[in-house]
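Notes follow once the structure below has been shown.
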Amino acid sequence: YVSDAGAEDYRSLKTLPSAAKMGYTTDALPAGDVGVWDLTSTVNVRLVAGKLLESRTEDEVLGGANHGVVGVELIAWQDAVLEADGSWTLSKLLRGLRNSADAVGVHDIGDFFYQIERSTCNFVPIAAMSMVGRTFDFKAASTGQFLENVASRPVKVRGLSMRPFTPIELSAVASPGG
């Protein structure tokens, strides 16, 4: 559900068929390389919703499996290990995906974590450039919850999905005469 910040007239965006896997980090994801597998960095997450994370093959990850958001950085991971305390350690990472490279290395303990899955994710398109910079209140209600009993979360529209991708693998060839 979404509403203009401070308003009480929430409208439904979408009903999702299953619970999202989300939580927070219990350590700060360190800086890492973008565009290659980061084999040294790990991040530990504690889920507050959803049940299990999974390890996937490299090909599955490259095909879209195990993608998620840490803070505002989009990452992917191959290995997910359940720790004794119930948290998960994610490793063999792809960092700064979908033009989020500027968020690599600016993480804190307690960063928001969300696994992106088709069944639990709803892309909210920006209807107009005038929405960028505005804050909206979002509520996510589960089955049996009354909307008025659900806390809202303010989200500032940043327009990240509208940014062009960073060029990669550029090359130049000198031509005769300049």
Report the residues of the range 101-118 in range of a label on ALA151: point 7 Å along Cα→C-beta, backbone N strictly under 17 Å from it. 110-114
Taking all pairs of different Cα atoms in the range 1-81, averaging 1/r and flipping that mean, what Kirkwood radius in angstroms comes out? 15.1 Å
Lys/Arg +1, Asp/Glu -1 at C-beta; the range 23-69 dipole; positive extreme among THR42, GLY68, LEU52: LEU52
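Read the figures in this text as sums done on the coordinates, not as results from a lab. Worth saying up front: this structure is predicted, and the values here are computed from it rather than measured. Neighbour counts run over all protein chains shown; Cβ positions are idealised from the backbone, glycine included.
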